[in-house]
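The numbers here are math on the coordinates, done by the rules we state, and not lab data. Being a predicted model, the structure only gives us computed values, none of them experimental. Cβ coordinates were reconstructed from backbone atoms using ideal geometry, including for glycine residues, and neighbour counts include every protein chain displayed.
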């Protein structure tokens, strides 16, 4: 089915708005990564993934694993808009008694496939799921979101190597290549380039996309489904803090929320993005 890109862009903008609102309410959490991945998550949950929010344990669902779990505000906002739980619940992010923990907890919320926290482990979990599906001749696919800072760890490369060796064609890694981590730029902390060449040498099919072009993200996922001899890694080149000018490209926003005035300015900027050629493409919430 042909994607309705205008509708998907509207959803992504609303997700960004709810990320800002929930982070402000929480008073803690990560801003840059979640904003940067809103378009990718929208593509996944509203077009790519085979899933049923009303039946989250459906046996034939695709599995999604968030390995860089600290960007969970974008996962929660996307799942809420997809219908897994009420959007209003986003305002409970990181509060006592919430289901929306600072890192996802598998048993706290329907639709979560794995708990997160220690970086690097989600890739191995996803590899195990994909191997299980292959052994059992299941048709569902596994998608694993990972961050570029995260794949500075050795465990990530063990997972890549295992996936390539076992030709897990039902597995797609999506790498948030935003070039930042908590204490600086990735190429200053632990250089990853030439990233594509490294991944290909480990036996992966590699696709590079603009993470903010929803059609290109969808096309890349479709291409991954058509590759039968190896797993796929999609390098999604993203702008950290996308949509909020004073956050974009600044690693200082990796792990902090906006205050009230910053949130007001961010929402004003995102409101402007809802106007396309003089036509309002979204409704105020």
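Summary table
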| read-out | value |
| --- | --- |
| Over the chain, relative contact order from alpha-carbon pairs under 8 Å, at least 6 apart, % | 24 |
| Antiparallel DSSP beta bridges within the chain, as percent of all bridges there, nearest 5 | 15 |
| Most mobile listed residue (261, 153, 229) in the chain, GNM with C-alpha springs under 10 Å | 261 |
| Distance-filtered residues of the range 20-45 - backbone nitrogen under 17 Å, label point 7 angstrom along residue 92 Cα→Cβ | 22-23, 25-27 |
| Fewest-first ranking of 98, 186, using other Cβ atoms within 10 Å as the exposure measure | 98, 186 |
| Sorted by Cβ neighbour density within 10 Å, fewest at the top, the residues 37, 1, 91, 247 | 1, 91, 247, 37 |
| Whole-number percent relative contact order across the range 102-154, with pairs defined as alpha carbons under 8 Å at least 6 apart | 28 |
| Structure-based [θ]222 nm, the chain - -39500 (n - 2.57) summed over DSSP H runs of at least 4, per residue, nearest 500 | -11500 deg cm²/dmol |
| Part-to-part distance (alpha-carbon centres) for the range 17-64 and the range 120-178, which is given in Å | 19 |
| Residue exposure sequence - 123, 195 - by fewest surrounding Cβ within 10 Å | 195, 123 |
| Between 0 and 90°, nearest 10: helix 214-225 axis offset from the chain longest Cα axis | 20 |
| Kirkwood hydrodynamic radius (C-alpha pairs) into Stokes-Einstein, the range 191-246, 37 °C and 0.692 mPa s, D in µm²/s | 263 |
| Between 0 and 90°, nearest 10: helix 121-135 axis offset from the chain longest Cα axis | 50 |
| Degrees, to the nearest 10: 260-272 long Cα axis against longest axis of the chain | 80 |
| Alpha-carbon Rg/Rh ratio, for the range 1-144, with Rh computed the Kirkwood way | 0.95 |
| Relative counts (whole %) of C-alpha pair distances in the chain, using bins that are 5 Å wide | 1, 6, 13, 18, 20, 18, 13, 7, 3, 1, 0 |
